Amino acid sequence: TKEREIDQMKTDFVSAVSHELRTPMTSIKGFVRTIMQDPGMARNVRERFLTIIDEEAERLTQLIESILEMGSIESGRAVLDLAPVELPRLIESVAASLLPFMLNKNVEFVSNVPEDLPLVLGDSKRLYTIVCNLLENAAKFTPERGRITLGVALENDDIVLQVADTGPGIPAEHLDRLFERFYQVRRGSVKAPGAGLGLFLVREMVTLHGGTVCVESELGRGATFTVRLPVHGPEGGAEGSKGDAG
């Protein structure tokens, strides 16, 4: 039964990835063809089309990087590039990149991040991915005029980061499996958008840093994801960046 479940998840994953790749590729091809067929196109229209092409190409790049990251983690080849990270600036950068999407949905974003947090020993690229995936996930499921709250606190030698949303919540039977690779929540015949990699990568990257991640949710009352990271990095400190992790 477990093997059949895994096979089904792989099938769903291939289907989801194919869809996620096809959509931006179709968009890119359509706009490129339109530009090529209209040499006299108005400059402002051309710039708008090129902006869309750039955004769709970025979507493709992010998906491919997620797939490569998953392969690296599962093969045990993932290596952390540890250095002191200024978490408030990193979070500020992530929020700025997602703010247009939130504003488009009239979603309120509340950030409670103290400026006096200590530097965190971590891999800045992967810490960015952790925060980005959690905020993207919240933005995806928060309805119009909803609210996303990001809070950070220092508890002993741990940084505790929470992302809470006012979305539809997650059914209890899905909570234990939410961080599995390829796993996607289904509500009836409707499957959640995406390839089912975001939360899996969050869990794996948090684990590589020696931390933990969990979720609390009730139907109709949103969800809260809590990440706990050691300020001084994974056990072994800087030496943890030189060996294999997985």
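Numbers below:
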| read-out | value |
| --- | --- |
| Restricting segment 200-232 to residues that are of a type in the set (S, T, N, Q) and over 20 Å from Glu173 (Cβ atoms), the residue that is least open to solvent (accessible area, probe 1.4 Å) | Thr226 |
| Residue list for segment 119-149, restricted to those being under 14 Å from the mean Cα position of the chain (by Cα), open to solvent by less than 10 Å² (accessible area, probe 1.4 Å) and not β-branched (Val, Ile, Thr) | Leu127, Leu134, Leu135, Ala138, Ala139 |
| Of residues in segment 205-228 being among the β-branched types (Val, Ile, Thr) and assigned to a helix (DSSP H, G or I), the one nearest to Leu134 (Cα to Cα) | Val206 |
| Conditions (1) exposed (fewer than 14 other Cβ atoms within 10 Å of the Cβ); (2) touching a strand residue (DSSP E or B) at 6+ places or on another chain (Cβ under 9 Å); (3) β-branched (Val, Ile, Thr): number failed by Val45 | (2) |
| Breaking point among (1) touching a Lys or Arg at 6+ places or on another chain (Cβ under 8 Å); (2) open to solvent by 30 Å² or more (accessible area, probe 1.4 Å); (3) part of a helix (DSSP H, G or I), for Met70 | (2) |
| Test: residue in segment 24-39 that is under 22 Å from the mean Cα position of the chain (by Cα) and either over 30 Å from Pro234 (Cα atoms) or open to solvent by less than 40 Å² (accessible area, probe 1.4 Å) (or both) | yes |
| In segment 2-44, residue farthest from Arg181 (Cα to Cα) [restricted to those that are in contact with a Phe, Trp or Tyr (Cβ under 9 Å, 6 or more places away or on another chain) and in contact (Cβ under 8 Å) with a residue 60 or more places away in the chain] | Ala16 |
| Every pair of residues 6+ apart whose Cβ atoms lie under 9 Å, when the first sits in segment 49-67 and is more than 13 Å from Met25 (Cβ to Cβ) and in a helix (DSSP H, G or I) while the second is acidic (Asp, Glu) and open to solvent by 60 Å² or more (accessible area, probe 1.4 Å) | none |
| Residues of segment 76-87 that turn out to be in contact (Cβ under 8 Å) with a residue 60 or more places away in the chain and either within 14 Å of Leu229 (Cβ to Cβ) or of a type in the set (Val, Ile, Thr) (or both), as a count | 4 |
| Odd one out for Glu69 among (1) within 23 Å of Gly233 (Cα to Cα); (2) modelled with pLDDT of 90 or more | (2) |
| Residues that are part of a loop (DSSP other than H, G, I, E, B) and more than 22 Å from Ile170 (Cα to Cα), drawn from segment 107-138 | Val113, Pro114, Glu115, Asp116, Leu117, Pro118, Leu119, Asp123 |
| Counted residues, segment 4-36 - those being over 15 Å from Leu63 (Cβ atoms) and either modelled with pLDDT of 85 or more or not basic (Lys, Arg) (or both) | 15 |
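The values are calculated or read from the model by the stated rules, or taken from the named source; none is laboratory data. Because the structure is a prediction, the values reported are computed rather than measured. When we count neighbours, we look across all protein chains shown, and the Cβ atoms used for this are built from the backbone with ideal geometry, even at glycine. Please note that ligands, DNA and RNA were not included when accessible areas were found on the heavy atoms of the full protein model with its side chains. Shrake-Rupley method; radii C 1.70, N 1.55, O 1.52, S 1.80 Å.
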